[in-house]
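Values in this text are rule-based calculations from the coordinates and carry no lab data. Since the model is a prediction, treat every value here as computed from it, not as a measurement. Using ideal geometry, Cβ is built from the backbone for each residue, glycine included, and neighbour counts are taken over all protein chains shown.
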Amino acid sequence: AVTGAETKHQAVRQRFQFLDHSNIRDGNGRAPGHEEYDTRTVLVPPELKLSASQQQYWDVKRRYVDVVLFFKVGKFYELYERDAEVGCAALDWKMTVSGVGHCRQCGCPESGIDAAVSSLVNLGYKVGRIEQMETASQAKERTGSKTAVIRRELVMVTTP
């Protein structure tokens, strides 16, 4: 019998199948074998349903697919999907399938980010940080909404 966890994992795999090697396309829709394939970009399907914060993440990731991106959420930095695979393999972190984005993820508290970035860069990865550019109260004040999304930006990419 299929468990609830297995069903959840299957749903996530299906949802992010555009990242599978056989399905991946660059930002211009070209397959990896195409002579102009851009390894830095990825085509994120427009029909992919995302939360507002996940939309922020994928708006950056679609232009930096070759960079492991840490995404700031409160007092934590999270890695999603293929970046979460890197975190698990390279940093021995535990992956979960949860969160608003219903995706594979892992991460660390703020206090661990510098060591994590340093370790990944030393292993040859390009690593980026998407930071919160305002507090929740500032976002609410800016928008006039109680459910405002905190503005985030890619602030740095560190290379080996």
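Between A89 and D66, the simple spin-label model (points 7 angstrom out along Cα→Cβ) gives 1.7 nm.
Extension gain for the segment K126 to E6, taken as residue separation times 0.36 nm less the Cα-Cα distance, is 40.0 nm to one decimal.
Would you mind estimating how fast the chain diffuses translationally, via Stokes-Einstein at 4 °C and 1.567 mPa s with the Kirkwood radius over Cα pairs, in µm²/s?
Values: Rh = 16.7 Å.
For these conditions, the coefficient is 78 µm²/s.
Within the range 39-82, the GluC sites (Glu not before Pro) that combine a DSSP coil assignment with at most 12 other C-beta atoms in a 10 angstrom radius are E47. Only one residue of T158, A136, L43 has its Cα farthest out toward the positive end of the dipole of the range 2-160, where Lys and Arg carry +1 and Asp and Glu -1 on Cβ, and that residue is A136. In the chain, a dipole from Cβ-located charges (positive for Lys and Arg, negative for Asp and Glu) runs towards its positive end, and of V73, S98, V149 it is V149 whose Cα lies farthest in that direction. Ordering Q10, V127, V86 by the projection of their Cα atoms onto the charge dipole of the range 1-127, which places +1 on the Cβ of Lys and Arg and -1 on the Cβ of Asp and Glu, puts Q10 at the extreme positive end.
The calculated FRET efficiency for S98 paired with E35, based on their beta-carbon distance and R0 = 30 Å, is about 0.15.
If eta is 0.890 mPa s and T is 25 °C, what Stokes-Einstein diffusion coefficient results for the range 98-151, Kirkwood Rh from Cα pairs, in µm²/s?
Numbers: Rh = 13.7 Å.
So the translational diffusion coefficient is about 179 µm²/s.
To the nearest 20 debye, what is the magnitude of the charge dipole of the chain about its Cα centre, counting +1 on the Cβ of each Lys and Arg and -1 on the Cβ of each Asp and Glu?
480
For an R0 of 30 angstrom, estimate the FRET efficiency from the Cβ-Cβ distance between T158 and S51 and round to the nearest 0.05.
Values: r = 27 Å, r/R0 = 0.90.
Computed FRET efficiency for T158 and S51: 0.65.
Assign unit charges at the C-beta atoms only (+1 for Lys and Arg, -1 for Asp and Glu), then state the dipole size of the range 91-145 relative to its Cα centre in Debye, rounded to the nearest 20.
On the way: 6 positive and 6 negative charges, 45 e Å.
My answer is approximately 220 debye.
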